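Trainee: If you scroll down you'll find the structure; I have some questions about it.
Please treat every number below as a calculation from the coordinates, not as lab data. Treat the numbers as computed from the prediction; the structure is a model and nothing was measured. Don't worry about glycine lacking a Cβ; one is built from the backbone with ideal geometry, like all the others, and counts go over all protein chains shown.
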Protein chains: 2
Amino acid sequence: MDLHGAFHVYDTTLRDGAQQEGLNLSVADKLNIARQLDGLGVGYIEGGWPGANPKDTEFFRRAAEELDLQHARLAAFGATRRAGVAAADDPLVAALRDSGASVVTLVAKSHDRHVELALRTTLEENLAMVRDTVSHLVAEGQTVFLDAEHFFDGYRANRPYALEVLRTAYEAGAEVAALCDTNGGMLPTWVGDVVGDVVSSTGGRVGIHCHNDTGCAVANSLAAVDAGATHVQGTINGYGERTGNADLISVVANLELKLDRRVLPQGLLAEATRIAHAVAEVTNVPPASRQPYVGTSAFAHKAGLHASAIKVDPNLYQHMDPAGVGNDMRLLVSDMAGRASIELKGRELGFDLSGDRDLVTRITERVKVLESRGYTFEAADASFELLLVEEVEGHRPSYVDVESWRVITETQAGPGAEALSEATVKLTAAGVRYVVTGEGNGPVNALDQALRQAIGQAYPEVAKLELIDYKVRILDQGHGTDAITRVLIETSDGESSWWTVGVGHNVVEASWEALLDAVTFGLRRHHR
Amino acid sequence: MDLHGAFHVYDTTLRDGAQQEGLNLSVADKLNIARQLDGLGVGYIEGGWPGANPKDTEFFRRAAEELDLQHARLAAFGATRRAGVAAADDPLVAALRDSGASVVTLVAKSHDRHVELALRTTLEENLAMVRDTVSHLVAEGQTVFLDAEHFFDGYRANRPYALEVLRTAYEAGAEVAALCDTNGGMLPTWVGDVVGDVVSSTGGRVGIHCHNDTGCAVANSLAAVDAGATHVQGTINGYGERTGNADLISVVANLELKLDRRVLPQGLLAEATRIAHAVAEVTNVPPASRQPYVGTSAFAHKAGLHASAIKVDPNLYQHMDPAGVGNDMRLLVSDMAGRASIELKGRELGFDLSGDRDLVTRITERVKVLESRGYTFEAADASFELLLVEEVEGHRPSYVDVESWRVITETQAGPGAEALSEATVKLTAAGVRYVVTGEGNGPVNALDQALRQAIGQAYPEVAKLELIDYKVRILDQGHGTDAITRVLIETSDGESSWWTVGVGHNVVEASWEALLDAVTFGLRRHHR
């Protein structure tokens, strides 16, 4: 099956996605992401605008040498020639021609007012710019796609002209004209109507490029496909300017799993969750837990109401098998959960609790009591696992005997100097007593340093543990002094990470509890 | 215009939204959010399930006493009676009846397999449960809405039975039957087809309840309205289980601004951005910058290419005027945003800044720099007022000269003893130097005690100030030790309360900054 011919899945993470506020990709980042996109099996990867900035020029140079793409073709993005210049003489067009990319995607104006106000040229010259640039690049052997910028607004303002731009591109040899909802204000029925009209009026191959300003980017893309578009643009994790572009994974998953259209090579959609998270690691944008299909919460169930029936038939409570996108069902333990979810959660962690009703009752009761005191186990899997082990094995896993700890935070001398924290921990580990002092730029860091230095003398493997996130929540509003503080800590061993919870009137004490659980969990995993 | 009658905007943030992983609302949080929702002008606020858990029972009790809703009616959520029991004898039904809510939303099974597997009763008994419970509550004077759970899957599995459940509810007196896409797997065209069929087959009033598992919750809701639904459920910021519920603000903004349907009281949609962010402060879920309509990036432009054309006509580059939802256009390169809101804010605080362009520019620049470092003045009015006064009067209001402070937190002897904090503050107030030590059950409480004891000797009026809420957020994810901490503190003088902000690597230092601002603000107000 030739997926390049049948249906185009066109990724623009490296170009339009990179317009997102706060997102900044190096050339190495872009090469890394391109490999991930190829692993997902997209047909086209838009790499950037060679010639417009040195980074993108460099990307195409290195891509030609270093990327060995299995599925995707690389597309160079650029604009039609400047007004009043031959396409062959425009240096920006030359940069596209010489980029090494076999596909060029040309952005062109299709909204009459934008031609006049932003390009400052005539409607006729804009058509000539489209015609000349497309035919020049086609003559040079490249495949050309046209991005019709502001198409939907332009269609409303001047339908004949908007269609004329597309016809001009098709006649000059463009393979696709992608209709761009550049400002992102469209709704699905509108997109469907316009795409249907374009398909029947021009007879050309139509593509769609949506932004999420109305919260409908995915649905708009599907409406376009339903109306005859056979080329869909989007970005991984919906990155992009303002509210972002259409999330390509959601679009593709809906097409394949809901509408039975094969748009990726067989089996690759199951890589989606892994790839979405890998790309998020490169962009350093924290993944959205609620992201459709690939979010960590996308198949997480909280309600105790459902858990008993989930045991009987999980498909009654999920819209698809999460394995189809490489995700997993998870059950959250919470005060709304009952016995059935505790049992299921136990199974997830490798404990078969089904034979012991008393044990399940005991654990369920303890969770309820602790959650009423402010603990939350749905967000702290590792603390829940320690609780489970304690109930199953009769004692809580423990590697140290803590005698006492103390933290001092104080202002430093000198103007503008930041406060410093110093913690002293006294504990016994593997039969030896340690008194260790650690410093940090906050009380929890200082405690973490002291704790891991002390334990590390008996268990050197704690050296690779690292506190990577820390959340504090005050639970009881009202009088500040009686408030209960909940601390959640995320710890990594470089391969995976886990959350632990601590609760108390004193924020430092709550942090200490979560820190100790974090280290205990890490050591237990290591020693199993 | 009676918006309760014409079109229902039904918010379920406090019930279905609270199912979100990691979201945990206290009764005070729920009351706070209910006030915000009322300020947005929604018609109905689903408060929770009274009788099912003590927290929700307490919420309805306190709501009856403390909430003075201007626009919304409170709805209690609950289930149809148990199998084999009269509705009047079911204690959970009694809890709904006695909740004080004038509206009850009953969840009922409409999918045959769920009746058999989850309810473990017959299809006939399920219909009787619907009929009895609805008619009992209607007879007791309550308005009843039916939430038809798993309706879309049920319709596919057994259309006649799914419709029979709705007809039974309508005949028993239910005003609305809301069709729930409980598993969230639907697409807009499917939703439209089913809703259209239900409207014409039953003749009843139809509602829609969508989840975002396909990334189409907003579009699915709109498709339902297009097909005849006149009741839309959703949550603020799209909170909810798994991928979340339909984002009510996106749905409402699309209905009002794109489809010209009035569904909120005049003018209230312009509060949407403020309210979405205020609710996020309560839930402590960081707001998504790319959120449609209300996200901080929703109208942010990486200018460059467009800059000059944006100046000529901004509407060429945005799908609507951001003021319609209380948001602002921002240009990320040459930021000219903020000036107008700074002026407005100044007026609100009693400063007329309109005559002094340089002053407004200076304040705008300082706010921008400080916000890029992690401060937030939107949530900390008092700190902003101090900044404003500093710029207007040339020096920051100050009542003390702080020399140094130190906090010690340590474990206490004895089993089960909680850790204790002790703070020493050295400062000069009204010409006298004080060295004072305070104790507290946490470092911030101890500092607060010491600070107010020291200042209180010069300014006795600080005795009535009280720290009533405290929030901590870690701003930089990644490596814990480099993270920046933001602290927000709410202080009361018994009559009103104000928020201050502090930022720093050290959580105690950030807290100190916010504490000092809080006391300064309180003293300044007293001495004016």
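Trainee: Could you tell me the distance between the Cα centroids of region B:100-146 and region A:222-253, to the nearest Å?
Mentor: So the separation of the two Cα centres works out to 40 Å.
Trainee: B:P265 label points, 7 Å along Cα→Cβ, one per copy: pairwise distances from this copy to the rest in nm, shortest first?
Mentor: Label-point distances to the other copies, shortest first: 6.0 nm.
Trainee: Kindly give the distances from B:V435 to its copy-mates, label point to label point, with each label point 7 Å from Cα along Cα→Cβ, as nm values to one decimal ordered shortest first.
Mentor: 2.5
Trainee: Looking only at other chains, what is the average number of their beta-carbon atoms within 10 angstrom of each beta-carbon in B:416-426?
Mentor: Taking all residues of B:416-426 together, the mean is 3.
Trainee: Compute the FRET efficiency between B:D401 and A:R373 as 1/(1 + (r/R0)^6), taking r as their Cβ-Cβ distance and R0 = 41 Å, and round to the nearest 0.05.
Mentor: Rounded to the nearest 0.05, the efficiency is 0.45.
Trainee: Moving to a separate point now. Across peptide B:111-124, how many C-beta atoms of other chains are within 10 Å of each residue C-beta, on average?
Mentor: 2
Trainee: Let me ask you something else. Over 30 Å between Cα atoms, which of B:K55/B:K471; A:K426/A:K464; A:K311/B:K471 qualify?
Mentor: Flagged as over cut-off: A:K311/B:K471.
Trainee: At B:L69 and B:D193, where each label point lies 7 Å from the Cα along Cα→Cβ, what is the point-to-point distance in nanometres?
Mentor: That separation, rounded to one decimal, is 3.7 nm.
Trainee: Count, for each residue of B:397-407, the Cβ atoms from other chains sitting within 10 Å of its Cβ, then give me the mean as a whole number.
Mentor: 2
Trainee: Using only Cα atoms, tell me the angle between helix A:272-283 and the longest principal axis of chain A; keep it within 0 to 90° and round to the nearest 10.
Mentor: With rounding to tens, the tilt is 90 degrees.
Trainee: Using θ = phi - 60° and the Karplus form 6.51 cos²θ - 1.76 cosθ + 1.60, what ³J(HN,Hα) does each residue of region B:214-229 get, whole Hz, x for Gly and Pro?
Mentor: 9, x, 10, 4, 5, 5, 4, 5, 5, 4, 5, 5, 4, 8, x, 5
Trainee: Additional query: For B:S404, place a label point 7 Å from Cα along the Cα-to-Cβ direction in every copy; what are the distances to the other copies, in nm, shortest first?
Mentor: 2.3
Trainee: Same structure, new question: Where Rh is the Kirkwood radius over the Cα pairs of chain A, the temperature 25 °C and the viscosity 0.890 mPa s, what D in µm²/s does Stokes-Einstein return?
Mentor: Working: Rh = 26.5 Å.
The estimated diffusion coefficient comes to 92 µm²/s.
Trainee: Moving on to the next point. Pull out the extension gain between B:E365 and B:S102, defined as 0.36 nm times the separation in residues minus the alpha carbon to alpha carbon distance; nm, one decimal.
Mentor: 89.7 nm
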